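Notes follow once the structure below has been shown.
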Ligand SMILES: *Cc1c(COP(=O)(O)O)cnc(C)c1O
């Protein structure tokens, strides 16, 4: 790891947990330089919902590059952009009866969040924005103010202003509806919470530890926003693009946010791409006011269009995600029941799920053990105490079973010291380059 130690910044994070040099990826598989194969349950923290190098998108992208399609065009109109806008409008917005205009921001999620917060403040003429405990919205200063995590906030070096933080669903226990508290503080002119321009929420908090808000809470939240003339922003950067079993994570609740941010899996190919969707009357921008060199990534337009056409022309894919999500929930519940320590619980919705180990140390041991058996899997939450099962939505049933077998064996080993059965040692049956060498276990140091 010499060069990485010598000249790559200490800011590296995921790389520390998986000290290999990765070189190739396909679908749910990752391969390191030695050709060892891994199953990927990190999946770009929700950026690879359709797997690595999805062959359908790859073909579209190769064709586009081969034909000298526009790679960079600032925000010029391009054919690729037109096709993306048409496809998104026809296949995503219209069938859901959503009337939004789309702003192409800089290509990261945090930039879309910055734009969403700016437009809400500009439209309402109010500074305050309500966000929630354990929320994660990005690391640039405006979005960081909305983020709860003290580790990230502590790096700001400047005040993080303009945000009031309220308890998320479940934060005060299962029986307390925290939207009632929000309603109360917004109704009381002496509550000390300034009337906000907007409330910004994740329907399932990804980095915050796979906290899934209940459908009822989301509906109540929308009602409180409407009652107090406050905009509702759903940050769907991680929960969107199918992760919970529908294109937008808020569909099941039947709510209609005023503003939605999307990024991570939007391009489908892991290419950087972010947008803000907003009700047309909110679009008060003057030309170039929220500027950026990389607003709209043309290669991402191509792969995002292919993703929508292939996976979202009907409801089949969403149903598959729901089916696999139920299987994950069953398996995780069984793991908790059979091997848990009494504190462990499951969380999440759709294929956005996790094991809450309560202790970060325990979660870390489990993911470390899983990695020895060829599973790349990470943690999230305030104490990194939740093991996240964030695999590509396109994963085969067989590999989903294998990966959850590895998780089960890892939990059993860490909590009970039972040896991982032979069949959970890694496999190398169906890859060209990922041949497991004789006697070698993937991930073993
Ligand atoms: C990842 C994430 C962001 C930030 O996106 P970046 O591309 O990392 O800047 C914002 N909001 C949510 C919900 C996220 O999961």
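We did not get these values from a lab; they are worked out from the coordinates using the rules stated. Predicted model only: the values in this text are computed from it and were never measured. Because the Cβ atoms are built from the backbone with ideal geometry, glycine has one as well, and the counts that use them run over all protein chains shown.
Worth a mention:
- Straightening the chain between residue 94 and residue 7 buys 26.4 nm, computed as 0.36 nm per residue apart minus the Cα-Cα spacing.
- The chain, relative contact order in percent, only Cα pairs under 8 angstrom and at least six apart counted: 22 percent
- Nearest-ten-degree value, helix 316-339 long axis tilted from longest Cα axis of the chain: 60 degrees
- With the cut-off at under 19 Å, measuring from each backbone N in region 320-348 to a point 7 Å along the Cα-to-Cβ line of residue 214 picks out 345-348.
- Rounded to 10°, Cα long-axis angle of helix 397-416 versus longest principal axis of the chain: 80 degrees
- Part-to-part distance (alpha-carbon centres) for region 111-153 and region 187-201, which is given in Å: 15 Å
- Taking the DSSP bridge list for the chain and keeping only pairs wholly inside it, about 65 percent are antiparallel.
- For region 1-146, the fraction of C-alpha pairs farther apart than 24 angstrom is 58 percent.
- Largest-first principal axis extents of the Cα set of the chain (Å): 66, 57, 47
- Multiplying the residue separation of residue 285 and residue 227 by 0.36 nm and subtracting their alpha-carbon distance yields 18.3 nm.
- Efficiency of FRET between residue 195 and residue 293 - r from beta-carbon atoms, R0 30 angstrom, step 0.05: 0.25
- Per-selection Rg to Rh, region 1-70 - Cα, Kirkwood hydrodynamic radius: 1.06
- Highest-first arrangement of 3-12, 382-391, where packing means the average Cβ count within 10 Å: 382-391, 3-12
- Spin-label model distance (nm) - residue 74 vs residue 323, 7 Å beyond Cα toward Cβ: 4.9 nm
- Using distinct alpha-carbon pairs, which all enter the 1/r mean, Kirkwood radius of region 285-430 in Å: 17.3 Å
- Note on region 56-91 and region 241-265: Cα centroid distance 23 Å, given to the nearest whole angstrom.
- Taking the inverse of the mean 1/r over every pair of distinct Cα atoms in region 105-231 gives a Kirkwood hydrodynamic radius of 14.9 Å.
- When region 208-254 is reduced to its Cα atoms, the Kirkwood hydrodynamic radius in Å: 11.5 Å
- Listed peptides 335-347, 147-159, 252-264 by packing density, highest first (mean Cβ within 10 Å): 252-264, 335-347, 147-159
- Distance-filtered residues of region 163-185 - backbone nitrogen under 16 Å, label point 7 angstrom along residue 345 Cα→Cβ: 168-178
- Using C-alpha pairs under 8 Å with a sequence gap of at least 6, the mean separation divided by the residue count of region 1-87 gives a relative contact order of 16 percent.
- Between helix 298-311 and the chain: long-axis angle, C-alpha atoms, 0 to 90°, nearest 10: 80 degrees
- Between residue 82 and residue 419, the FRET efficiency estimated from the beta carbon spacing at R0 = 56 angstrom works out to 0.45.
- Region 170-272 - percent relative contact order, Cα under 8 Å, separation 6 or more: 23 percent
- Square roots of 5 times each gyration tensor eigenvalue, C-alpha, region 63-155, largest first, Å: 31, 18, 13
- Counting only DSSP H runs of at least 4 residues, each contributing -39500 (n - 2.57), and dividing by the residue count of the chain, the helix-based mean residue ellipticity at 222 nm comes to -10500 deg cm²/dmol.
- Net length available on complete extension from residue 65 to residue 397 is 116.2 nm, with 0.36 nm assigned per residue and the Cα-Cα distance removed.
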